[in-house]
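Data block below; observations after.
The values are calculated or read from the model by the stated rules, or taken from the named source; none is laboratory data. It should be emphasised that the depicted structure is a prediction, and the values quoted were computed from it without experimental measurement. Here Cβ is always computed from backbone atoms with ideal geometry, including for glycine, and neighbour counts include all displayed protein chains. Note: accessible area is taken over every heavy atom of the protein model, side chains too, but ligands, DNA and RNA are not part of it. Shrake-Rupley method; radii C 1.70, N 1.55, O 1.52, S 1.80 Å.
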Amino acid sequence: SLFVTGVASARPDESAPPPPPPRVHPVLVSADMRPSLDLSGPWHMSIDPYRDGVAGFHGGDPGLSSRRYADIDIATTEKRDGNALFEQDPARSPIVTLPSSWLTQSPEMRHYVGLVWYQRHFTAHKRPGKRVFLRFGAANYAAHVYLNGKHVGEHRGGFTPFAFDVTKLLHDGDNQITVGVDSQRTDQDIPPPVTDWETYGGITRAITLIAVPDTYIDDAWIRLTHDGHIRASGRLDGPAAANMPVRVTIAGLGLTLDARTDAHGDWQAAVPAPASLKRWSPDSPTLYDVAVKAGDDTLHDRIGFRTVSVDGDRILLNGKPIFLRGISLHAEEFGVDPSHVITPEAARALLEEAKYGLHANYVRLAHYPHPEVMLRTADKMGLLVWSEIPVYWRVDFSNPDTLSQARQMLAENITRDRNRASIMLWSVGNETPVSPARNRFLQTLAADAHRLDDTRLVSAALLSHREKRNGVDTVVIDDPLIPSLDVMAINTYNGWYGNDSLASLPSIAWASKYHKPLIFSELGAGAKAGVHDSTGTHKFSEEYQAEYYRQTLAMAAKIPFLRGMSPWILKDFRSPRRQHPVYQQGWNRKGLESETGVRKEAFFVLARQYARWAKQPP
Ligand code: GCB
């Protein structure tokens with residue numbers, strides 16, 4: 001036999017079980033549902049292009065003994081006298097409104113990539129028996145945080161939340177907070193510097209101060225499992241976390257789950273799901289009020305219950321096959337002058353366009369974790385979600401620090417969002433060229449995703465290749481990562497990039513080495529709204545884009561294992577690499593709508609197809 005089992009692989013590190021996923025701490029799960037002091041609003045802002053603040057005075061690493069320049073100058077709260085040496089004074093610098101990227105704060109900041117210091121004061125009151133966390137929804141990319149002149153901590157990663165326990169540093173009364181945000185990424189970061197979207201530097205999501213009891217519910221994950229149970233698990237944190245009763249109540253189901261924490265504060269409980277449970281789906285997105293109580297802490301959330309699974313090459317929602325009629329979205333990057341901020345109203349308007357305009361039941365939230373409000377809105381409206389971290393194109397796959405960063409980001413994303421019924425797929429990468437180092441990197445991430453969440457599917461947007469098979473022009477899917485994934489996903493641009501004529505697309509065959517469901521994670525062509533060409537042969541005309549969609553949909557209809565698609569993309573979005581002066585002007589024009597919401601012809605082609613598929617899935 002060619003198959004030898006039980007023999008250790010030649011590379012010892014590959015046979016070893018992967019290390020457990022990193023533990024995010026604090027998680028502060030459902031932070032957006034906890035009462036908080038919102039630090040949004042006016043902040044002072046001062047640029048630091050040579051990064052003096054994070055170096056010693058003469059530049060470079062401050063070393064262990066000396067303090068950083070920020071410690072003694074920028075974040076200082078000591079009184080400045082006339083002789084003090086200082087080069088920065090954030091307290092007297094211009095005022096901007098946060099959260100928002102600095103790109104839109106003034107014309108000079110439009111292309112600034114680097115370090116910026118933000119500072120403000122706020123009033124807080126210390127309360128006995130309470131712990132206080134300072135939480136950032138996201139800061140792009142690296143954050144250096146100070147409270148009252150003291151260094152609090154650092155974070156890398158532009159799209160996931162992080163929090164620090166600041167109980168000891170908080171003053172009763174006036175407090176000064178200083179945050180340095182550096183948008184410069186290196187080749188070792190996630191994503192690396194070159195992407196196809198704008199680098200929106202700054203504090204782009206809510207900054208909040210959250211007070212919780214000394215011992216509080218840090219994590220609580222409540223879900224429907226494949227064995228028909230409602231299962232709850234999580235973690236208490238604090239001095240009384242061990243051996244503490246925890247009660248989960250789902251009033252709408254008349255359910256209580258009782259647990260007791262172990263010595264580490266971990267807890268879990270499960271009960272059979274009652275027959276009265278209304279399962280969440282795009283057609284009936286039922287959410288239940290869930291309360292978790294432990295000691296002095298009570299946490300509230302709204303949670304839907306459903307299962308997602310794969311059977312051969314089919315995708316099942318609540319045990320029934322589903323075809324994903326999707327669209328990709330960049331949530332915070334469209335509109336006249338995007339600053340990477342989205343309101344609840346804008347999130348709803350965007351998802352309504354997908355659900356009611358296009359008849360979609362699914363969205364790909366590209367290319368990084370979107371803000372909580374998008375997931376909450378998808379939960380409420382009934383849209384399935386692909387969620388991803390920006391492991392994008394040419395990542396430094398052989399670098400262990402880069403892998404740690406990606407694992408941390410994935411863990412932050414999953415622990416933030418695993419109570420959201422809308423999310424069905426975690427994606428661990430986008431268009432990453434196959435190599436042994438890349439395969440190991442993404443296998444580790446896929447294993448992490450499965451271990452952090454055994455109720456969802458794991459995928460990645462993969463590359464494919466073309467060959468002649470029995471004389472037929474064939475796209476072949478054989479990425480060696482696929483055994484680690486539940487769903488295969490391919491970005492296809494035949495007819496836009498490359499030399500295929502649009503008319504030839506339906507004759508292209510698709511073949512896979514693996515028996516798994518396939519989705520088109522992207523397909524698309526550019527068009528500038530209002531540019532017309534009656535011959536339909538000129539790229540960037542609405543007619544060309546519409547014809548591209550017709551022919552690609554005809555090709556898709558012939559792939560028996562295709563289970564969905566999320567064409568690229570709902571709206572035009574800013575991308576610095578798209579500089580064609582006539583058609584692009586700094587925007588990626590593959591939107592079905594312009595950045596301001598003008599629908600192009602292709603919008604209607606896809607909407608008509610989805611309306612048909614909604615009645616009669618392929
Ligand atoms: C892709 C990328 C996406 C780009 C798109 C394009 O495959 O995933 O980020 O914007 O192609 O327009 O080329």
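Would you mind finding the one in V385, V373, V363, V395 that is of a type in the set (A, V, I, L, M) and part of a loop (DSSP other than H, G, I, E, B)?
V395
Looking only at region 346-372, count every residue that is touching a residue at least 60 places away in the same chain (Cβ under 8 Å) and aliphatic (A, V, I, L, M) and tell me the total.
Of the residues in that region, 6 qualify.
Taking region 345-373, which residues are over 17 Å from the mean Cα position of the chain (by Cα), crowded, with 20+ Cβ neighbours inside 10 Å and of a type in the set (D, E)?
Matches in region 345-373: E353 only.
Any residue at all in region 577-597 that is over 21 Å from E431 (Cα atoms), assigned to a strand (DSSP E or B) and under 28 Å from the mean Cα position of the chain (by Cα)? I'd like the intermediate steps shown before the answer.
So the first thing to find is which residues in region 577-597 are over 21 Å from E431 (Cα atoms), and the list is 579-586, 592-597.
After this cut, where a residue has to be assigned to a strand (DSSP E or B) as well, the list is 593.
Next cut, under 28 Å from the mean Cα position of the chain (by Cα) only: 593.
Among the residues of region 577-597, at least one is over 21 Å from E431 (Cα atoms), assigned to a strand (DSSP E or B) and under 28 Å from the mean Cα position of the chain (by Cα), which makes the answer yes.
What strands (runs of 3 or more DSSP E), lying completely within region 155-217, carry at least 2 residues that are away from the ligand (no atom under 16 Å from the Cβ) and of a type in the set (A, V, I, L, M)?
Values: elements: 162-165, 173-182, 207-213.
Because the criterion is at least 2 residues that are away from the ligand (no atom under 16 Å from the Cβ) and of a type in the set (A, V, I, L, M), the strands (runs of 3 or more DSSP E) in region 155-217 that meet it are 173-182, 207-213.
Of the numbered conditions (1) touching a residue at least 60 places away in the same chain (Cβ under 8 Å); (2) within 21 Å of I207 (Cα to Cα); (3) touching a strand residue (DSSP E or B) at 6+ places or on another chain (Cβ under 8 Å), H155 satisfies every one except a single condition; which is it?
(1)
Examine region 105-117 for a residue that is surrounded by 22 or more Cβ atoms within 10 Å (Cβ to Cβ), touching a Pro at 6+ places or on another chain (Cβ under 6 Å) and not assigned by TED's automatic domain parsing to the domain that holds P338, and state whether such a residue exists.
There is at least one residue in region 105-117 that is surrounded by 22 or more Cβ atoms within 10 Å (Cβ to Cβ), touching a Pro at 6+ places or on another chain (Cβ under 6 Å) and not assigned by TED's automatic domain parsing to the domain that holds P338.
Of all residues in region 406-461 being within 16 Å of the ligand (Cβ to nearest atom) and open to solvent by 10 Å² or more (accessible area, probe 1.4 Å), which is farthest from R185 (Cα to Cα)?
V434
Do any strands (runs of 3 or more DSSP E) entirely within region 223-333 hold 3 or more residues that are more than 27 Å from G382 (Cα to Cα), and if so, which?
229-237, 245-250, 255-260, 266-272
Q176 fails exactly one of the following numbered conditions: (1) over 30 Å from G295 (Cα atoms); (2) open to solvent by 30 Å² or more (accessible area, probe 1.4 Å); (3) polar (S, T, N, Q). What is the number of that condition?
If we test Q176 against (1) over 30 Å from G295 (Cα atoms); (2) open to solvent by 30 Å² or more (accessible area, probe 1.4 Å); (3) polar (S, T, N, Q), just (2) comes out false.
Restricting region 337-349 to residues that are touching a helix residue (DSSP H, G or I) at 6+ places or on another chain (Cβ under 8 Å) and not in a loop (DSSP other than H, G, I, E, B), which is nearest to the ligand (Cβ to nearest atom)?
Among residues in region 337-349 that are touching a helix residue (DSSP H, G or I) at 6+ places or on another chain (Cβ under 8 Å) and not in a loop (DSSP other than H, G, I, E, B), the one nearest to the ligand (Cβ to nearest atom) is A347.
Filter region 545-584 for residues that are aromatic (F, W, Y) and surrounded by fewer than 23 Cβ atoms within 10 Å (Cβ to Cβ); which is nearest to the ligand (Cβ to nearest atom)?
Y583
Scanning region 521-544 for residues that are aliphatic (A, V, I, L, M) and away from the ligand (no atom under 14 Å from the Cβ), which turns out farthest from V308 (Cα to Cα)?
V531
Any idea how many residues of region 198-212 are in contact with an Asp or Glu (Cβ under 7 Å, 6 or more places away or on another chain), open to solvent by 10 Å² or more (accessible area, probe 1.4 Å) and either in the same structural domain as F573 (by TED's automatic domain parsing) or not hydroxyl-bearing (S, T, Y) (or both)?
Result for region 198-212: 2.
Residues of region 496-519 being within 20 Å of I322 (Cβ to Cβ), loosely packed, with under 15 Cβ neighbours inside 10 Å and within 16 Å of the ligand (Cβ to nearest atom), which ones?
Selection gives nothing.
Taking only pairs six or more apart or across chains, which ones have beta-carbon atoms under 6 Å, a first residue in region 518-547 that is small (G, A, S), and a second residue that is assigned to a loop (DSSP other than H, G, I, E, B) and open to solvent by 30 Å² or more (accessible area, probe 1.4 Å)?
Pairs that qualify, where the first residue is small (G, A, S) and the partner is assigned to a loop (DSSP other than H, G, I, E, B) and open to solvent by 30 Å² or more (accessible area, probe 1.4 Å), are A529/V598; S541/V531; S541/H532.
Residue-by-condition table, conditions (1) open to solvent by less than 30 Å² (accessible area, probe 1.4 Å); (2) aliphatic (A, V, I, L, M); (3) without any contact (Cβ under 8 Å) to a residue 40 or more places away in the chain:
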residue: D218; (1), (2), (3): yes, no, no
residue: L236; (1), (2), (3): yes, yes, no
residue: N243; (1), (2), (3): no, no, yes
residue: V246; (1), (2), (3): yes, yes, no
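Which of (1) open to solvent by 10 Å² or more (accessible area, probe 1.4 Å); (2) in contact with a strand residue (DSSP E or B) (Cβ under 8 Å, 6 or more places away or on another chain); (3) of a type outside the set (S, T, N, Q) is the odd one out, the single condition P192 does not satisfy?
Tallying (1) open to solvent by 10 Å² or more (accessible area, probe 1.4 Å); (2) in contact with a strand residue (DSSP E or B) (Cβ under 8 Å, 6 or more places away or on another chain); (3) of a type outside the set (S, T, N, Q), P192 fails exactly one: (1).
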